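First up is the structure itself, then whatever we jot down about it.
The values are calculated or read from the model by the stated rules, or taken from the named source; none is laboratory data. Given the structure is predicted, the values throughout are model-derived calculations rather than measurements. Every residue, glycine as well, gets a Cβ built from its backbone with ideal geometry; the counts of neighbours run over all protein chains shown.
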Amino acid sequence: MKLTQSLSRMQQTALKWRSEGIKIALVPTMGFLHEGHLSLMRHARRSVGRKGKVITSIYVNPTQFGPGEDYGRYPRDIRADKTRCREMGVDMLFLPDNASMYPSSSSGLPYSCFVKEKRLTSGMEGASRPTHFEGVTTVVAKLFLITQPHYSVFGAKDFQQARVIEKMTSDLNFPIQIIIAPTLREADGLAMSSRNKYLSKPERLQAPALWNAIQSARDSVKNANNGFIPVNQLRKKLIKQITQSADMEVDYIEFFDSETLVPVKKVSTTARMAVAARLGAVRLIDNASLDPASPY
Ligand code: AMP
């Protein structure tokens with residue numbers, strides 16, 4: 001496995017691979033890798049084949065964290081991450097740093113270019129974290145230009161993020177195919193996440209409440225008269241269920257169309273549900289289609 005921190009070395013390597021007709025797949029991450037990340041690397045390998053190149057980037061991007069969020073204490077373990085990437089057959093591990101991603105110019109002008117998506121970012125995570133998606137689209141656009149991939153893989157765990165990246169890729173004509181991979185879960189249904197490390201033992205036992213709420217929503221729409229339930233009725237029931245079973249403060253529960261992310265008025269199996277809640281110091285998010293037959 002090759003490894004570099006240098007943006008220009010990464011870009012030159014990728015351009016050389018492309019000139020040789022080699023397919024490239026990028027898996028952008030913030031590290032502290034778990035099975036969910038590794039599954040994205042498997043998708044990446046499948047997309048480019050044995051002769052293609054899989055690049056994983058690890059970069060805790062400061063511009064996607066708001067003031068008071070956990071940028072400083074985001075979990076990091078670069079040694080373990082390197083081992084996992086090597087074991088997964090990653091061809092190149094890209095480890096940029098802040099000084100090279102957001103440099104000041106030689107004349108001292110600070111970094112000042114950002115990418116903004118204006119439609120899919122208004123609700124849910126965008127409403128709760130107003131500066132988050134601009135940081136995400138900016139860093140992903142930069143990673144696309146530096147690593148020159150044919151494919152890039154994102155997790156359905158961050159469904160809104162994946163849709164925003166798809167929209168940016170199509171609106172800005174990046175010649176890249178976005179692959180969305182299913183959410184990997186622990187045995188009790190908790191979506192894997194680097195932040196789960198910060199759950200205390202009692203919190204960890206309560207954390208599956210979000211997945212349980214999604215399951216309840218699926219049951220409710222399946223058993224509903226004529227297949228629909230009013231949003232407010234279902235939301236109220238699920239908030240009650242979550243707060244009675246866990247010491248959680250629900251940030252939002254939304255039901256929406258998977259393509260447009262527009263909220264639905266009546267919930268049926270064609271809708272998608274997303275939920276965010278705070279459990280102690282940890283903010284958890286989860287989402288799924290309300291059609292249990294859907295792949296994610
Ligand atoms: P992160 O390192 O948390 O920024 O995540 C990097 C990528 O991994 C994103 O595309 C996430 O959606 C994806 N990811 C995170 N957790 C999971 C999971 N449990 N299952 C599948 N993909 C995931």
> Just one of the numbered conditions (1) surrounded by fewer than 13 Cβ atoms within 10 Å (Cβ to Cβ); (2) away from the ligand (no atom under 16 Å from the Cβ) is not true of residue 234; which one?
Replying inline: (1)
> without any contact (Cβ under 8 Å) to a residue 24 or more places away in the chain and within 14 Å of the ligand (Cβ to nearest atom): does that describe residue 59?
Replying inline: no
> Does residue 213 satisfy the criteria of being surrounded by 16 or more Cβ atoms within 10 Å (Cβ to Cβ) and modelled with pLDDT under 95?
Replying inline: no
> Can you name every residue in region 261-278 that is more than 18 Å from residue 183 (Cβ to Cβ) and hydrophobic (A, V, I, L, M, F, W, C)?
Replying inline: 262, 264, 267
>> Given the condition among the hydrophobic types (A, V, I, L, M, F, W, C), closer than 25 Å to residue 34 by Cβ and at pLDDT 95 or above, answer yes or no: does some residue in region 226-241 qualify?
In response: no
>> Restricting to region 238-261, name every residue that is surrounded by fewer than 20 Cβ atoms within 10 Å (Cβ to Cβ) and touching a helix residue (DSSP H, G or I) at 6+ places or on another chain (Cβ under 7 Å).
In response: 241, 245, 247, 250, 251, 252
>> So in region 197-226, with the set limited to residues that are more than 23 Å from the chain's Cα centre (by Cα) and among the basic types (Lys, Arg), which one is farthest from residue 254 (Cα to Cα)?
In response: 201
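Going by the conditions given, is residue 201 under 21 Å from residue 24 (Cβ atoms) and more than 13 Å from the ligand (Cβ to nearest atom)?
Details: under 21 Å from residue 24 (Cβ atoms): no; more than 13 Å from the ligand (Cβ to nearest atom): yes.
The answer is no for residue 201.
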> Tell me, which helices (runs of 4 or more DSSP H) wholly within region 94-183 include 3 or more residues that are hydrophobic (A, V, I, L, M, F, W, C)?
Replying inline: 132-147, 159-171
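Quick one: in region 143-170, of everything that is small (Gly, Ala, Ser) and touching a residue at least 12 places away in the same chain (Cβ under 8 Å), which residue is farthest from the ligand (Cβ to nearest atom)?
First, the residues of region 143-170 that are small (Gly, Ala, Ser): 152, 155-156, 162, 170.
Next cut, touching a residue at least 12 places away in the same chain (Cβ under 8 Å) only: 152, 155-156, 162.
Numbers: 152: 9, 155: 2, 156: 7, 162: 7 Å.
Among those residues, the one meeting the criterion is 152.
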>> Among the residues in region 33-55, are any in a strand (DSSP E or B) and either within 9 Å of the ligand (Cβ to nearest atom) or not basic (Lys, Arg) (or both)?
In response: yes
>> Residues that are loosely packed, with under 15 Cβ neighbours inside 10 Å and within 20 Å of residue 86 (Cβ to Cβ): does region 10-18 have at least one?
In response: no
> Applying the selection to region 193-202, what residues are more than 22 Å from residue 37 (Cβ to Cβ) and outside any loop (DSSP other than H, G, I, E, B)?
Replying inline: 201, 202
